[in-house]
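J.: Quick one: structure below, then a few questions.
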Protein chains: 2
Amino acid sequence: MNIRPILYSVATPTLGAAILLGAALLPGAAALRADEGMWLFSNPPVKLLQEKYGFTPGEGWLEHIQKSSVRFNNGGSGSFVGANGLVMTNHHVGANCLAKISTKENDYVANGFEAKSQIAEPKCPDLELNVLMSIEDVTARVNGAILAGMDFAAAEGARRAEMNTIEKESRDKTGLRSDVVTLYGGGQYHLYRYKRYTDVRLVFAPQKAIAFFGGDTDNFEYPRYDLDICFFRVYEKNEALFVEDYLKWSDRGATEGDLVFVSGHPGRTERLDTLDHLQYLRDFSLPDTLNLLRRREVLLEGYSERSSENERRAERALFSTRNRRKLNIGRISGLEDPAFFEKKKQQEMDLRHLVNRDLDLKQKYGDAWDQIAASIETMRKIRNEYNLFGIGPQRQGAAFNSDLFEIAITLVRLAAESSKPNAERLREYAEAGLDSLKLQLFSPAPIYEDMEILQLGDYFGLMTETLGADNAEVKAVLAGKSPHDRAVELVEGTRLKDVDTRKRIAEGGWKAIENSTDPMIELALKIDPAARQIRQTFEQQVEEPQRQAYAKIANAKFALFGASQYPDATSTLRLAFGEVKGYTENGKAIPSATTLGGTYEHAADHGNKPPFELPANWLQQKAQLNLSTPFNFVSTADIIGGNSGSPVMNRAGEIVGIIFDGNIESLVLDYAYTDQQARAVAVHTSGIIEALRKVYNADRLASELTHRR
Amino acid sequence: MNIRPILYSVATPTLGAAILLGAALLPGAAALRADEGMWLFSNPPVKLLQEKYGFTPGEGWLEHIQKSSVRFNNGGSGSFVGANGLVMTNHHVGANCLAKISTKENDYVANGFEAKSQIAEPKCPDLELNVLMSIEDVTARVNGAILAGMDFAAAEGARRAEMNTIEKESRDKTGLRSDVVTLYGGGQYHLYRYKRYTDVRLVFAPQKAIAFFGGDTDNFEYPRYDLDICFFRVYEKNEALFVEDYLKWSDRGATEGDLVFVSGHPGRTERLDTLDHLQYLRDFSLPDTLNLLRRREVLLEGYSERSSENERRAERALFSTRNRRKLNIGRISGLEDPAFFEKKKQQEMDLRHLVNRDLDLKQKYGDAWDQIAASIETMRKIRNEYNLFGIGPQRQGAAFNSDLFEIAITLVRLAAESSKPNAERLREYAEAGLDSLKLQLFSPAPIYEDMEILQLGDYFGLMTETLGADNAEVKAVLAGKSPHDRAVELVEGTRLKDVDTRKRIAEGGWKAIENSTDPMIELALKIDPAARQIRQTFEQQVEEPQRQAYAKIANAKFALFGASQYPDATSTLRLAFGEVKGYTENGKAIPSATTLGGTYEHAADHGNKPPFELPANWLQQKAQLNLSTPFNFVSTADIIGGNSGSPVMNRAGEIVGIIFDGNIESLVLDYAYTDQQARAVAVHTSGIIEALRKVYNADRLASELTHRR
């Protein structure tokens, strides 16, 4: 039940006056000068690429890349790199599956894995991969559902009904996964259709010690030396999937000065946010998030240190927590820089000036900023309740920080929503998405009771501290017990660890829920009315007004600057481009690429101690390696968390690397593009092949990639 | 500049209905049944000891223990254990000095130390030890300064003037350090006079790996196996101090069932707090504190992991932060237990009922609870500003989380306050305390610029997030820069690392401050007016009303229950007592003592990996040890943070152990005593001697302790 976006790997960046605010907010009359943009495949930056790089994609170039690109639904990207369904992604994306198939005796995350034949490839319990097949603009239809005079509450219901209906129609017609995606914050709605693969098996993973070499210390840093790769194979009907569209392996890989492309699923940017919205992020949302992340980090570290088995169980949760903490410190540091904020302010004033001086634009769009400000004020007031129990599609995975509670609330809502017409359902229980939902709900992935008690107890503590012990929901949740005692009672009492029990309850519908004496189901039933209420307030008084207002701002900008603009990231497929290029930091030139040899020096510089301790085979095979082989490299491509595992391609569409991180200076890309120091960090294909052949003797895999023995 | 109380070493305790609420709040007609109380040496529990244990202290018994007890002014306790000024405390108390005399090349904290002769004993740069010589009740005089009709603001000024004056008179007359101490939250004021020692030298310290064996994981846990000891020697005029009062070493140490006494300086309890006050702690104060501690823990861990030198530099700060985090989680878990709170509520209702049914008591004291509630409401409103820049005597050490800023604000205020009459000064700048203040201000202890930048930058971030970027103080502090850039500018620009510079500025008085171009001095000058304003609001509208109201409650209880009551802890000398006694946890009997042999088993159970890795000499000398020697033991004595290093004594006043921790179940002792599971944890004197002789070959020290070769 982990549909949490994996965000790549932050120290406190200093941006100051150095930042070159991208043109996204205000392209003005001039073309985009920088390598900016997470472009829609349905609206690629054709003119920009022609003008800046003299590049024009050939017939089918774009479609080939689109269909070679893969979305990992645990949050991340990848690509087909072989005709037999071979997919490459990052170790830190694949590790979700690695952890789920690991046991105390056999730790795939730490030890890595290589399947000696296809038969030996183990299946991931709940991994879903998506390949984008088509994009259709359904903006008119979605907005057409909103009738004149509808208030926000009515509009929210009408819009949701239309989106649920469009998805169901599409899925019934095509059999493809069908998602209506909100773009430009509400300016456009597109229907994305995906092929959906759920039989995904592990082919190869290196040890975490080299995949995440340098650990949290080096995370979001450069130069780097990480073999952050993992290979899977997609099966259909128990046969390796044959794919026509896969990326050819480049012979030479990326070189300084090359134009490169990145195709992947950036998770979320907020470049189009108004100033009020950014202020809310800076002063409320990010501090709240960071307090929560630090709390979890400290909790999980205390747990991990107790034994090596604890460490193994908490490894993914701790990685994700530390990663998000470092990322969000980068974000807030950007927003806390007065110079950065001043520029954002100036840009917003300029835009509003342009809108207000045109009577038509002013009348149609002029009130958008105030409308957003009002919604933000509502959000500020409800944020504690919404954050704590406003369980919704975005927050499903974080409900009470407990897998078992999440299963319980999903069962409760599944029963309740299934009895309603499709159009009226909560978005995540609409018919088109139920297969994906059930894949998670019925996942046999392990659940550790001790971690559940720890996390749920801590969450109850958090609720108590945030809302006060006398709050009605807190009292209902605790039922007169202390947070810890209540967590013990719930986790030890529930039977939801058992997948068959979940299936039986799901099949039993509402009657099974009502009759259940499972304490976790009872708790979910008890909290659900309040949880739905606060979610409804959010959707009707925050989300819907923002959709309408951001649509106005988007339309104003289309009117002023034309259609060639990219929307903020939304975990859907985007094309970025840039140049392989070093940068200067504290007066020091940072070259674009590192080498395999540098890895050994970097380890020695840190006393060869964890997280800078190299695996045994890396030490043993050092003499066999060509140490000058490029290992990691950077480019100016515009990426963000969710791009983890994205292929980096050359003009010919051949794969030359795989994105796994951004440097510290890139973390502000959430709010504005800059290419002065911000860089996307990738593993170089030459380094991959050298390591596979010489360190791992994985010739079968290397040959499959390169078509050479 | 670290006058932060060292608190001994929490997981989430489960108290539930199990807690036996101490009789402190409501002794009622019955005598105290349990081993409860942190008793004043001027009001010892004579009757209680007679009744429960048949023990009557002999002539001079109490005074001998009092004068053998030592307060460590970095927060902690200790005792004289030899005629030649030999003092024993905990490693985690002594480590403050160990860290300050360490360098990259020579890490006393990690490696330990043994002086082969007195000449080889290195001096601590800023350690002050105090020995209590006399106690005088000055309640009437302090309260006499408050005239009828004075409002809280006037009362605060008059009270402060009187306290400053009493201290100065006493110091001028006796030459002793003289502190007016507030007891029973304001019910009584006592003048404590101390001998003050500042030439303190290191004699012996074990390695941190055995002193803090089990690390944060085992901290606040039992059974334990820690050699948490450290020896210093007090010098006067370059000669070892001869003391008449020191504790004789017991031949047999503590044994199950023994009555034992603990003499030390418990830091702070809140057992007498009203329900509103406890609610404030639960819902605001503790959550705020925990957010801050987790923030620092994560910050310091990230810094520490970068290199072993970083780890060494941050070691004390990280230990203290993790220790306080675990402690405060224990506290809040206690308060978040509805059963615990319900009992506190019942007790308060009972007391108020007793007060209200007596017309005289009602008239004099009946409004106390509402008065406290009003002060709490004010505190709730000002808490963010007060926490962030309400720099005062309690918070001196935390100002901006920067030693350099703390030096700057101290210099600014020293100049300002020195020009005022003694009676009008801020408490910590009154004449009687200036020697101690200057010892800290002019300390040559190392200051690490990189850590200063990290911590100050983070603090600026915290200010921005808490008060908002548009707050006047935030703007004044940041001066248009980002938090990180501003911290770099200040730390790199200041000259206050240099002790002579500090002395020159201090000697130059206000003129030197006004003319200074040091950026840290300029910042301190800029923030001081707002900092004084918020502190004044706190002192006049929170602290003074609470003093008056708690005085009413204390007097009501004296009237109802008699004088034999102990006040909440205040970092002053107290006597506790109890029995050496195991307990039951999760149905399992936990014996009162562990053995040296158990240490090796405990290490093996955790794979002999840090923090369970034993030092080399412990492994080498294992065969020489009598493994059945008692190592750590527990008793029911009523202790709390600040008791670290307190001697444990038998009926004869001989030392049988040294307190270093409380178990998890003891953390709720902040709010109420219980002896069901709560235990004080100590190192056994027999284990100490065995280790000194057989592991460390420290025969010189062992002989000095035991008077045997």
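Derivation of every value follows stated rules applied to the coordinates shown; laboratory data play no part. Everything numeric here is computed off the predicted structure, so don't read it as measured data. Cβ placement follows ideal geometry from the backbone for every residue including glycine, while neighbour counts extend to all protein chains displayed.
J.: Ignore the peptide's own chain and count Cβ atoms of other chains within 10 Å of each Cβ in B:285-298; give me the average, rounded.
T.: So the per-residue partner count for this stretch is 4.
J.: What nm value, rounded to one decimal, do you get for the distance between A:D251 and A:Q346 when each label is placed 7 Å out toward the C-beta?
T.: Simple spin-label model gives 5.0 nm for this pair.
J.: Any idea what log10 I(q)/I(0) is at q = 0.22 Å⁻¹ for segment B:174-231, Debye with uniform C-alpha scatterers and no solvent?
T.: The calculated log intensity ratios at q = 0.22 Å⁻¹ are -0.80.
J.: When the convex hull of the C-alpha atoms of segment A:43-200 is computed, what volume per residue in Å³ does it have?
T.: Looking at segment A:43-200, the number lands at 191 Å³ per residue.
J.: Right, another one. Considering only DSSP states other than H, G, I, E and B, which trypsin sites (Lys or Arg not before Pro) in segment B:77-127 qualify as loop sites with at most 15 other Cβ atoms within 10 Å?
T.: For trypsin sites (Lys or Arg not before Pro) across segment B:77-127 that sit outside H, G, I, E and B with at most 15 neighbouring Cβ atoms in 10 Å, the list reads B:K104, B:K116.
J.: Now, a different point. Could you list which residues have their amide H under 5 Å from that of B:V260, counting only those 5 or more apart in sequence or on another chain, with H placed in the peptide plane?
T.: Here the answer is B:G578, B:E579, B:V580, since their amide H atoms fall under 5 Å of that of B:V260.
J.: For segment A:520-559, report the translational diffusion coefficient in µm²/s to the nearest whole number, using Stokes-Einstein at 25 °C, 0.890 mPa s, and a Kirkwood Rh over Cα pairs.
T.: Roughly 203 µm²/s, to the nearest whole number.
J.: For segment B:127-175, compute the orientation-averaged projected area of the C-alpha convex hull (one quarter of its surface), in nm².
T.: 4.6 nm²
J.: Using the Kirkwood radius built from alpha carbon pairs, what does the Stokes-Einstein equation give as D for segment A:395-521 at 10 °C and 1.306 mPa s, in µm² per second?
T.: 103 µm²/s
J.: Can you find, among B:I376, A:Q440, B:V648, the residue farthest towards the positive end of the dipole of the protein assembly as shown? Put +1 on the C-beta of Lys and Arg, -1 on that of Asp and Glu.
T.: Looking along the dipole axis, the top candidate is B:V648.
J.: Using only the Cα atoms of chain B, what semi-axes does the equivalent ellipsoid have when each is the square root of 5 times a gyration tensor eigenvalue? Give whole Å, largest first.
T.: 36, 33, 25
J.: Once you measure Cβ to Cβ distances between cysteines in chain B, which Cys have no partner under 4.7 Å?
T.: B:C230
J.: Also, quick follow-up: Say R0 is 25 Å: what FRET efficiency, to the nearest 0.05, do A:N238 and A:E59 get from their beta-carbon distance?
T.: 0.10
J.: Still on this structure: From Cα coordinates alone, what are the radius of gyration and Dmax values for segment A:325-482 in angstrom?
T.: 21.6, 63
J.: Oh, and also: Write down the Kirkwood hydrodynamic radius of segment A:222-275, to one decimal in angstroms, obtained as one divided by the mean of 1/r over all alpha carbon pairs.
T.: In segment A:222-275 this quantity evaluates to 16.4 Å.
J.: Apply 1/(1 + (r/R0)^6) to the Cβ-Cβ distance of A:A589 and B:S307, taking R0 = 30 Å, and write down the FRET efficiency to the nearest 0.05.
T.: 0.80
J.: Counting only residues 5 or more places away or on other chains, whose amide H sits under 5 Å from the amide H of A:N74 once H atoms are built in the peptide plane?
T.: It is A:E128, by chain and number.
J.: Highest mean first, how do B:335-341, A:539-545, A:637-643 rank when packing is the count of other Cβ atoms within 10 Å averaged over residues?
T.: A:637-643, B:335-341, A:539-545
J.: Would you kindly derive the ³J(HN,Hα) couplings of segment A:273-280 from the backbone phi angles with the Karplus curve 6.51 cos²θ - 1.76 cosθ + 1.60 (θ = phi - 60°), listing them in order in whole Hz, with x for Gly and Pro?
T.: So the Karplus estimates, Gly and Pro as x, are 4, 6, 4, 4, 5, 5, 4, 4 Hz.
J.: To continue, here is another question. Quick one: which of A:614-625, A:524-535 comes out on top by average Cβ neighbours within 10 Å, and what's the full order, highest first?
T.: Per-residue mean Cβ counts within 10 Å order the peptides as A:524-535, A:614-625.
J.: If you count, for every residue in A:327-336, the Cβ atoms of partner chains within 10 Å of its Cβ, what is the mean?
T.: The per-residue average across the peptide is 3.
J.: Would you mind checking the pairs A:K195/A:K438; B:K67/B:K497; A:K52/A:K557; A:K104/A:K526; A:K195/A:K511; A:K326/B:K497 and listing those with alpha carbons more than 27 angstrom apart?
T.: Over 27 Å apart, Cα to Cα: B:K67/B:K497; A:K104/A:K526; A:K195/A:K511; A:K326/B:K497.
J.: Another question, if that's okay. In debye, nearest 20, what is the charge dipole magnitude of segment B:108-158 about its Cα centre with +1 on Lys and Arg Cβ and -1 on Asp and Glu Cβ, if you could check?
T.: 180 debye
J.: On average, how many beta carbons from a partner chain sit within 10 Å of the beta carbon of a residue in A:216-223?
T.: Per residue, the average neighbour count from other chains is 2.
J.: Can you compute the helix-only [θ] at 222 nm over chain A? Use -39500 (n - 2.57) per DSSP H run of at least 4 residues, normalise by all residues, nearest 500 deg cm²/dmol.
T.: -13500 deg cm²/dmol
J.: When the convex hull of the C-alpha atoms of segment B:200-248 is computed, what volume per residue in Å³ does it have?
T.: Hull volume over Cα atoms, normalised by residue count, gives 111 Å³.
J.: Follow-up. As an exercise, identify the GluC sites (Glu not before Pro) in segment A:192-261 lying in DSSP coil whose Cβ has no more than 15 other Cβ atoms within 10 Å.
T.: Here the sparse-neighbourhood loop sites are A:E244, A:E256.
J.: Can I ask one more? Would you calculate the separation in nanometres between label points at A:T139 and B:E492, each defined as 7 Å from the Cα along the Cα-to-beta-carbon direction?
T.: 4.7 nm
J.: When you take every Cα atom in segment A:321-398, what is the radius of gyration, and what is Dmax, the widest Cα pair distance, in Å?
T.: 17.4, 49
J.: Treating only the Cα positions of the protein assembly as shown as identical point scatterers, give the base-10 log of I(q)/I(0) from the Debye formula at each q in 0.03 Å⁻¹.
T.: -0.15
J.: If you don't mind, there's one more thing I want to ask. Among residues other than B:F261 whose Cβ falls under 12 Å from its Cβ, what is the net charge (Lys/Arg +1, Asp/Glu -1)?
T.: So the environment of B:F261 carries a net charge of -3.
J.: When the gyration tensor of segment A:605-709 is built from Cα positions, what are the square roots of 5 times its three eigenvalues, in whole Å, from largest to smallest?
T.: Square roots of five times the eigenvalues give 28, 20, 10 Å.
J.: Hey, any idea what the orientation-averaged projected area of the convex hull of segment A:502-609's Cα atoms comes to, in nm²?
T.: The directionally averaged projection comes out at 16.8 nm².
J.: For segment B:132-255, report the convex hull volume of the alpha-carbon atoms normalised per residue, in Å³, without decimals.
T.: Expressed per residue, the convex hull around the Cα atoms of segment B:132-255 is 213 Å³.
J.: Given R₀ = 25 Å, what would the calculated FRET efficiency be for A:Q536 paired with A:E169, taking r from the Cβ atoms and rounding to 0.05?
T.: For A:Q536 and A:E169, the calculated efficiency is 0.45.
J.: Taking every pair of distinct Cα atoms and averaging 1/r, then inverting, what Kirkwood hydrodynamic radius in Å comes out for segment B:214-364?
T.: After inverting the mean inverse Cα-Cα distance, the result is 20.7 Å.
J.: What number comes out for the charge environment of A:A554, summing +1 per Lys or Arg and -1 per Asp or Glu over other residues with Cβ under 11 Å away?
T.: +2
J.: While we're here: State the Kirkwood hydrodynamic radius of segment B:269-330 in Å, one decimal place, computed from all pairs of distinct Cα atoms.
T.: Evaluated on segment B:269-330, it is 12.9 Å.
J.: Measure off 7 Å from each Cα along the Cα-to-Cβ vector at A:A148 and B:N111, then give the distance between these two points in nanometres to one decimal.
T.: Distance between the two pseudo-spin positions: 8.6 nm.
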